[in-house]
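Enquirer: Below are the structure tokens for one structure; questions will follow.
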Amino acid sequence: MASRNILVVDDEIGIRELLSDILRDEGHVVRLAENAQIARDERLKLRPDLVLLDIWMPDCDGISLLKEWANAGLLTMPVIMMSGHGTIDTAVEATRLGAFDFLEKPIALQKLLKTVGAAIKHTEHLAHTEINLSSFGKSAVIQELKQRLEQLARHKNTLFLIGKKGGSVPLCAKFLRPHNTPWVALTEYEKLVTAPMEILEQAREGVVFVDEVTRLGKTEQKGLSLLINKSEKYGVRVICASEHGLPQLIEKAMLEQSLLQTLAGAAVKVPCLDEHKEDIPDLVSAMATLMVEASKIDYKSFDVAALNALRNADWPGDLDELESVVQNLLMTSLADTITQTDVQRVLANFQGQATESAEQHMPLNLDQPLREARDEFERFYFQYHMRLVKNNMSRLSEISGLERTHLYRKLKQLGIKIKG
């Protein structure tokens, strides 16, 4: 068996030393923790391949620590629970929370080695870390959102999530996917017309997610309506999303009437980050920990002033922008602790980018001949809508009211290149 990093967490020194001797004799690297706080620290430093975790500890019981790691998306390693007072109920609860197995003390040598071997083999099947709704904090806004989603998770009706671009809409959609079922994030929209049944077969018993449904052309929207109508037969839940609210969708007729009617009856507003800023410290901590896990970069803590500065900032780019700022801070801050000065330095860079972006959208120059002003407006108009529809020429043709051949000719005349 290949050498692995193993963390043993137990408040009894005799147990720690015994398990350490046995596992080191098997060629493993072993670290020891006598309580939950040390276990948390070692978890970040060691990134263990396996944890042996005692249930009964003085500062925090093992079940609570297991639940804490599960909620933060940190069960990237198998955890074997240990107890000298084990009960069936405790074992069931530990397994439900994500423990790999449960050992009763005194632990027989062969049972220990067999369970450790099985747990190590299991590591290749564990999911990678990712931020999830459990990491979002405890604000009333997020608690209400979770309760609403938990209620919606009981059935598989079509759902329409409305939320800011770069926000938590995809996380809400993933929250509604049943465990170990397919997740199909639709990007090839033409398949809605050419192969809707193939999409449903691929997502059987799982979820089809359509991000920004307004990017779909009219025929693709009709294909989506057909897919929704057939989804129940395949046990598939269709979740659509948009940053546009229902009034805007209705006023601008951005969706086919039948599709809009279906989605309007299942619409849920997802709050943006600026609506629950009190959760930002928890989010920052979760993001930093997961980045350390995924990127193998050194962990750095945030002092109180730094967290307050992040909480008080504005987040036009929502969750994606916060994640980028946290990553920048981890990568560029020089000390082991990130301070308010570090936060101000990085936020200034992002605000500078926002200013540059705003300057790119300045009003037209009216001190020029009409022909040049018209060309400038048309160039701005087409580039704006091309960004929105991600260069989907069918959708751009519908928005602009130009036939495809005329549209291509117009873009060429304006010097606009069509990206693939």
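The values are calculated or read from the model by the stated rules, or taken from the named source; none is laboratory data. Here the structure is a predicted model, which is why all the values come from computation and not from measurement. Note that each Cβ is placed from the backbone with ideal geometry, even for glycine, and that neighbours are counted across all protein chains shown. Quick note on the areas: whole protein, heavy atoms, side chains included, nothing else; ligands and nucleic acids left out. Shrake-Rupley method; radii C 1.70, N 1.55, O 1.52, S 1.80 Å.
Enquirer: Name every residue in the range 242-259 that is open to solvent by 10 Å² or more (accessible area, probe 1.4 Å) and closer than 16 Å to residue 160 by Cα, in order of residue number.
Expert: Selection gives 243, 244, 245, 246, 247, 248, 250, 254, 255, 256, 257, 258.
Enquirer: Pull up the range 67-122, narrow it to residues that are assigned to a helix (DSSP H, G or I) and of a type in the set (S, T, N, Q), then point me to the one that is least open to solvent (accessible area, probe 1.4 Å). Don't jump to the end; show me each part of the working.
Expert: Residues of the range 67-122 that are assigned to a helix (DSSP H, G or I), as a first pass: 67-71, 88-97, 109-122.
Now narrow it down to the ones that are of a type in the set (S, T, N, Q): 71, 90, 95, 110, 115.
Details: 71: 67, 90: 32, 95: 82, 110: 132, 115: 7 Å².
Per the stated criteria, the residue is 115.
Enquirer: Based on what the data block shows, is residue 325 under 30 Å from residue 181 (Cα atoms), crowded, with 19+ Cβ neighbours inside 10 Å and either at pLDDT below 90 or touching a helix residue (DSSP H, G or I) at 6+ places or on another chain (Cβ under 6 Å) (or both)?
Expert: no
Enquirer: Tally the residues that are open to solvent by less than 60 Å² (accessible area, probe 1.4 Å) and in contact (Cβ under 8 Å) with a residue 24 or more places away in the chain, restricting the search to the range 398-414.
Expert: Qualifying residue count for the region: 3.
Enquirer: Still on this structure: Residue 305 versus (1) among the small types (Gly, Ala, Ser); (2) farther than 15 Å from residue 162 by Cβ; (3) in contact with a strand residue (DSSP E or B) (Cβ under 9 Å, 6 or more places away or on another chain): which is the lone unmet condition?
Expert: All conditions pass for residue 305, except number (3).
Enquirer: So residue 58 ticks every box in (1) under 28 Å from residue 285 (Cβ atoms); (2) open to solvent by 60 Å² or more (accessible area, probe 1.4 Å); (3) at pLDDT 80 or above but one. Which box is left unticked?
Expert: (3)
Enquirer: Of all residues in the range 13-37, count the ones that are open to solvent by 40 Å² or more (accessible area, probe 1.4 Å) and free of Cβ contacts under 8 Å to residues at least 24 places away in the same chain.
Expert: 8
Enquirer: Scan the strands (runs of 3 or more DSSP E) fully inside the range 144-212 and keep the ones with 1 or more residues being crowded, with 16+ Cβ neighbours inside 10 Å, in contact (Cβ under 8 Å) with a residue 40 or more places away in the chain and among the hydrophobic types (A, V, I, L, M, F, W, C).
Expert: 159-162
Enquirer: Got a sec? Which of 13, 55, 63, 6 is on the phi < 0 side of the Ramachandran plot and touching a Leu at 6+ places or on another chain (Cβ under 6 Å)?
Expert: Unique residue meeting the criteria: 6.
Enquirer: Next question, about the same structure. Can you tell me which residues in the range 38-48 are of a type outside the set (A, V, I, L, M, F, W, C) and open to solvent by 50 Å² or more (accessible area, probe 1.4 Å)?
Expert: Pass one, the range 38-48, residues of a type outside the set (A, V, I, L, M, F, W, C): 40-43, 45, 47-48.
Within the range 38-48, 40, 41, 45, 47 meet the criteria.
Enquirer: Which one is farthest from residue 83 (Cα to Cα) among residues in the range 2-55 that are outside any strand (DSSP E or B) and in contact with a Gly (Cβ under 6 Å, 6 or more places away or on another chain)?
Expert: 3
Enquirer: Give me a count of the residues in the range 382-397 that are open to solvent by 40 Å² or more (accessible area, probe 1.4 Å) and within 15 Å of residue 218 (Cα to Cα).
Expert: Of the range 382-397, the ones open to solvent by 40 Å² or more (accessible area, probe 1.4 Å) are 383-384, 387-388, 390-391, 394.
Applying the additional criterion that residues be within 15 Å of residue 218 (Cα to Cα) yields 394.
The number of residues fulfilling the criteria is 1.
Enquirer: Kindly establish whether residue 195 is of a type in the set (Gly, Ala, Ser) and under 18 Å from the mean Cα position of the chain (by Cα).
Expert: No.
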